[in-house]
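Below: one structure, written as structure tokens.
Each reported figure results from applying straightforward, stated rules to the coordinates on display, with no laboratory input. A quick note: this is a predicted structure, and the numbers were derived from the prediction, not measured. Here the Cβ positions follow ideal geometry from the backbone for every residue, glycine too, while neighbour counts run over all protein chains shown.
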Amino acid sequence: MRVLMLDQSWERIRDTLMKQAPALEPVLMHADGSLSLHGEPISPEEAAPAAAWANTDLFFDGPVRDFMVMCLKSTSLRWIQSSAAGFDHPVFSMLVDKGIQLSNSNASAISIAEFILSGVLDIFQPNAHRRQLQAARDWQRTHFREVQGTTWLVIGMGNIGSELARRVRALGAIVIGVRRRPRGDEPADRMASLATLLDVVGEADVVALCAPANPESHHIVDEDFLSRMKPQSVLVNIARGALIDEAALLDSLDRGIPETALLDVFEKEPLPDDSPLWNHPRVRVTAHNASNSDGFIRRNDELFIRNAARFCNGELPERLVEPDVVKESIPGNQ
């Protein structure tokens, strides 16, 4: 069973992968886009992989164009494992249109949940000011906000939203969850629907956007939404830039609401140098970095090894995404 992957990914997981899936043959793509099989050069047509692993090594530092072109041209490819949670890049829709099965990943959920919690705590706790006082040898007490008793509106209660909800509830927060298709087991104190979302926005001390980009979530944070937020609230977006109307957000921030916006994703990435979001005093900008933890790659490797073994044994891989769900996603930044 031939599987297309990057050479550096193969080197990292080779021993464990071959124990779990000894029938697997790695077709290795190198930094220049060339291919090899058992150490010998091979053409894309000769390689004929049945599966592919599109992971972080590829998305951020690899020959992603060569890799995806090969996948799209392949007549043998049946399944692709992505290391991303989202699948709104057009290439994923093109792949499922060819009948290729797609698995996404939940490996980023823990990383992103901790990233959000850290960012909000940094606002609630004036740590930068405390360090300034220390540097100045200035003995002053500083006031801070508690998480206990705050209300968090988590829009998108999939893996990421659920991991966040579990953590903040453990600290005594109240969680209102929002999900298009509730399952009944969400770790929230109560659930709201998209239809009633605007009715609960005003209750939230923290609004965390964890939902996928699709027609229903496009610019879900607009002028009306922002006008209903609490004056001292925090808005967090780790999902996709398309969920926020950035012009409306800037206008609202200038009026003091929300108090702070923690933005890790944007409508255009990288964020243009001339974007006013860079220098706005109420905005914290990070570079699509919320999943970049020391555990993210390990969990993705473990998921791929598990799924590769299942695929080689004729079993369905985990985390298969329905083609219709992929196709309804808005093209965005992957």
Legend entry - Extension reserve of the Leu37-Ala128 stretch, reckoned as 0.36 nm per residue once the Cα distance is removed: 27.5 nm
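For Asp251 and Arg12 in the same chain, what is the full-extension length gain: residue separation times 0.36 nm, less their Cα-Cα distance, in nm?
Working: separation 239, 0.36 × 239 = 86.04 nm, distance 4.72 nm.
Between Asp251 and Arg12, full extension yields 81.3 nm more.
Report the calculated FRET efficiency for Arg180 and Arg137 (r = Cβ-Cβ distance, R0 = 41 Å), to the nearest 0.05. Each step should come with its number before you reach the end.
Numbers: r = 54 Å, r/R0 = 1.31.
Efficiency computed from Cβ-Cβ geometry: 0.15.
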Legend entry - Options Val154, His143, Pro26, ranked by Cα towards positive dipole end of the chain, top entry (Cβ charges): His143
Legend entry - Cα-projected label distance for Glu45 with Arg78, points at 7 Å along beta-carbon direction, nm: 2.3 nm
Inset, instruction - On a 0 to 90° scale, report how tilted helix 7-20 is relative to the longest principal axis of the chain, with both axes built from alpha carbons and the result rounded to the nearest 10. - result: 70 degrees
Legend entry - Net charge contributed by nearby residues that have their C-beta within less than 15 Å of Ala107 (K/R +1, D/E -1): -2
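Please work out the FRET efficiency for the pair Arg65 and Thr196, using the Cβ-Cβ distance as r and a Förster radius of 51 Å; give the result to the nearest 0.05.
Values: r = 43 Å, r/R0 = 0.85.
My answer for the efficiency is 0.75.
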Legend entry - Gain in span if fully extended, Arg319 to Lys98, counting 0.36 nm per residue against the direct Cα distance: 77.7 nm
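Need one word for the chain: rounded, prolate or oblate. Basis is the Cα gyration tensor (sqrt eigenvalues a ≥ b ≥ c); a/c below 1.5 gives rounded, then a/b vs b/c decides. Write down the numbers at each step before the final one.
Details: a/c = 2.08, a/b = 1.85, b/c = 1.12.
It comes out prolate by the Cα gyration axes.
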Inset, instruction - Lys and Arg at +1, Asp and Glu at -1: add these up for the other residues within a Cβ distance under 11 Å of Thr260 and post the number. - result: 0
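Sum -39500 (n - 2.57) across every DSSP H segment of at least 4 residues in the chain, then divide by the residue count to get the 222 nm mean residue ellipticity, nearest 500.
Values: 13 runs with 120 residues, N = 334.
Computed mean residue ellipticity for the chain: -10000 deg cm²/dmol.
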Inset, instruction - Identify all aspartates and glutamates with a Cα-Cα distance to Lys327 below 13 Å; exclude those on the same chain that are fewer than 8 residues away in sequence. - result: Asp88, Asp97
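Rounding to the nearest 20 debye, state how big the charge dipole of the chain is about its Cα centre with +1 on each Lys and Arg Cβ and -1 on each Asp and Glu Cβ. Please report the intermediate quantities before stating the final value.
Details: 34 positive and 46 negative charges, 201 e Å.
With only Lys, Arg, Asp and Glu charged at Cβ, the dipole is about 960 debye.
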Inset, instruction - Relative to the longest principal axis of the C-alpha atoms of the chain, give the angle of the C-alpha long axis of helix 64-73, reported between 0 and 90° and rounded to the nearest 10°. - result: 50 degrees
